[in-house]
Every structure is written in structure tokens, then in C-alpha cells.
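The values are calculated or read from the model by the stated rules, or taken from the named source; none is laboratory data. Given the structure is predicted, the values throughout are model-derived calculations rather than measurements. Positions of Cβ are generated from backbone atoms using ideal geometry, with glycine treated the same way; all protein chains shown enter the neighbour counts.
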Amino acid sequence: MNPYKQPKSVMILIATLIPVFKLLFRYEIIGKENLPEKGGIVYASNHISFADPILWILAIRRRICYMAKAELYKHAFLRGVFKLAGVFPVERGKASINSVNNAIGIVKNGGILGIFPEGTRSKDGKPIRAKSGVAYIANATGADVVPMAIVTKGKVKPFKKVYLYVGKPIPHSEIYFEGADRKGLRNASEKIMGEITNLWEEGQNEL
């Protein structure tokens with residue numbers, strides 16, 4: 001079985017959840033034509049709620065591998081769900097070599113890595129500065145990055161309209177930097193977060 005293809009059991013679950021989430025969050029995806037047809041890609045989105053990764057998975061319906069806080073893996077049920085969904089652990093606040101290597105391996109082997117560059121949820125919904133992890137991982141994979149933005153009025157809540165914007169992929173050549181080039185790392189991080197912010201601002205103008 002292809003580890004980066006959505007299992008049938010998950011596809012059935014997604015098909016079941018879509019009507020529920022459509023009713024609860026009334027989400028709409030804009031720019032879906034910008035999504036690559038094949039894997040080996042990094043999806044980078046702003047982060048405003050716990051529902052963010054679920055919304056993207058339901059909207060796109062492809063297997064997106066996300067990182068989750070290591071402490072969540074203490075719960076047997078969640079651990080089983082995460083394993084089925086392709087979620088892997090990372091220790092927040094620490095440079096986890098295993099997690100980073102896992103993330104890079106997912107993309108290099110044709111999978112989709114979902115990442116929130118800000119590293120935490122925005123308290124007011126506005127995009128904040130990206131941490132360096134997304135640029136480091138994207139650069140190391142040699143893959144393009146698809147910028148995305150979750151847009152709504154205020155916070156994500158049931159029965160509120162949520163827009164999911166997908167931008168054109170950022171070519172790897174535009175974020176490439178040599179090894180330990182700190183300026184290159186910073187520029188790549190700003191480039192990725194800048195594209196996400198542009199999408200978010202575009203969405204705000206449409207609210």
C-alpha cells in the first residue's frame with residue numbers, strides 16, 4: 001500500500017464528515033486549480049484554530065501529513081487516529097531531528113507535508129511571523145511550496161463562513177538557499193509567509 005495515499009477507511013470517514021463540517025463551518029475552497037496533481041509537495045497555511053488541518057484535509061481530500069504535539073500521543077485513541085491519518089509527533093519548543101527528517105522524507109518520497117509556518121495559532125486571526133522550520137524543510141526537500149490561507153471573520157466557529165484560499169505554488173528556485181545561510185533562511189521564510197499573507201489579505205477584502 002502506498003503510505004502517502006489516503007486509506008479507504010479514511011476516505012470513508014472523510015465522506016462521512018464532509019456534510020457535517022459543511023454544515024458546521026460552511027467552508028468554501030478557492031483556487032483549488034492551483035493544487036498539484038501529484039505529491040512531493042509542501043502545503044503551508046496560516047493557523048487560527050484547532051480545526052485548520054481537518055478543514056484542509058476535508059476540502060482537498062488527499063492525504064496530508066501534519067505534525068502534532070508529542071504530548072497528544074499519550075492518549076491511545078488519538079495515537080491510533082494520528083497513525084491512520086499520517087500525523088506524526090514533534091516536541092514543541094525543541095529542534096526534533098527525527099521529526100524534521102520525517103517531514104523531509106515524506107516530501108522526498110512523494111507525499112504531501114502540511115505545515116503551519118507560524119508554529120502556533122494566531123490569537124487575533126492575523127498572520128504572524130513565520131518560524132524558520134518551514135523554509136528549512138522546504139529547502140531540504142527540493143519541492144515547491146503551495147501557500148494557503150484560512151479566512152473568516154473573527155475566530156473559526158460553528159455556522160460561520162470559512163474561506164480556504166490556495167495560491168499558485170512557489171517554485172523551489174525562489175526559496176532555495178545554500179546550507180547554513182541565515183539570510184537565505186530568513187528570506188525564504190518571509191517569502192513563504194508573505195505569499196500566505198497576500199492570500200489572507202485578498203480574502204479579507206472579499207468578506
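Structure data summary
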| item | result |
| --- | --- |
| Residue list for segment 38-56, filter: in a loop (DSSP other than H, G, I, E, B), small (Gly, Ala, Ser) and under 26 Å from Pro158 (Cβ atoms) | Ser49, Ala51 |
| Any hit, segment 188-200, residues being surrounded by 15 or more Cβ atoms within 10 Å (Cβ to Cβ), in contact (Cβ under 8 Å) with a residue 12 or more places away in the chain and touching a Leu at 6+ places or on another chain (Cβ under 8 Å) | no |
| Selection count where residues are surrounded by fewer than 16 Cβ atoms within 10 Å (Cβ to Cβ), more than 23 Å from Lys22 (Cβ to Cβ) and not basic (Lys, Arg), scope segment 133-171 | 3 |
| Selection from segment 48-73 of residues that are more than 10 Å from Ile112 (Cβ to Cβ), free of Cβ contacts under 8 Å to residues at least 60 places away in the same chain, more than 11 Å from the chain's Cα centre (by Cα) and buried (at least 16 other Cβ atoms within 10 Å of the Cβ) | Leu58, Ala68 |
| Which numbered condition Ser99 fails, given (1) of a type outside the set (Val, Ile, Thr); (2) surrounded by 14 or more Cβ atoms within 10 Å (Cβ to Cβ); (3) assigned to a loop (DSSP other than H, G, I, E, B) | (3) |
| Qualifying residue in segment 30-37 (condition: out of contact with any helix residue (DSSP H, G or I) (no Cβ under 9 Å at 6 or more places or on another chain), assigned to a loop (DSSP other than H, G, I, E, B), among the charged types (D, E, K, R) and closer than 27 Å to Thr141 by Cβ) | yes |
| Filter pass, Lys38 being surrounded by fewer than 20 Cβ atoms within 10 Å (Cβ to Cβ) and in contact (Cβ under 8 Å) with a residue 60 or more places away in the chain | yes |
| Matching residues, segment 77-136, being of a type in the set (A, V, I, L, M), under 16 Å from the mean Cα position of the chain (by Cα) and within 30 Å of Lys157 (Cβ to Cβ) | Ala85, Val87, Val90, Ile112, Leu113, Ile115, Ile128, Ala130, Val134 |
| Out of Ile128, Ile175, sole residue that is touching a helix residue (DSSP H, G or I) at 6+ places or on another chain (Cβ under 9 Å) and either on the phi > 0 side of the Ramachandran plot or without any contact (Cβ under 8 Å) to a residue 12 or more places away in the chain (or both) | Ile128 |
| Inter-residue pairs, beta-carbon under 9 Å, first within 12 Å of Val10 (Cβ to Cβ) and in segment 82-97, second modelled with pLDDT under 75 and exposed (fewer than 12 other Cβ atoms within 10 Å of the Cβ), 6+ apart | none |
| Residues satisfying the stated conditions in segment 74-99, i.e. under 15 Å from Gly114 (Cβ atoms) and aliphatic (A, V, I, L, M) | Ala85, Val87, Val90 |
| Members of segment 156-189 that are more than 22 Å from Gly31 (Cα to Cα) and charged (D, E, K, R) | Lys157, Glu178, Asp181, Arg182, Lys183, Arg186 |
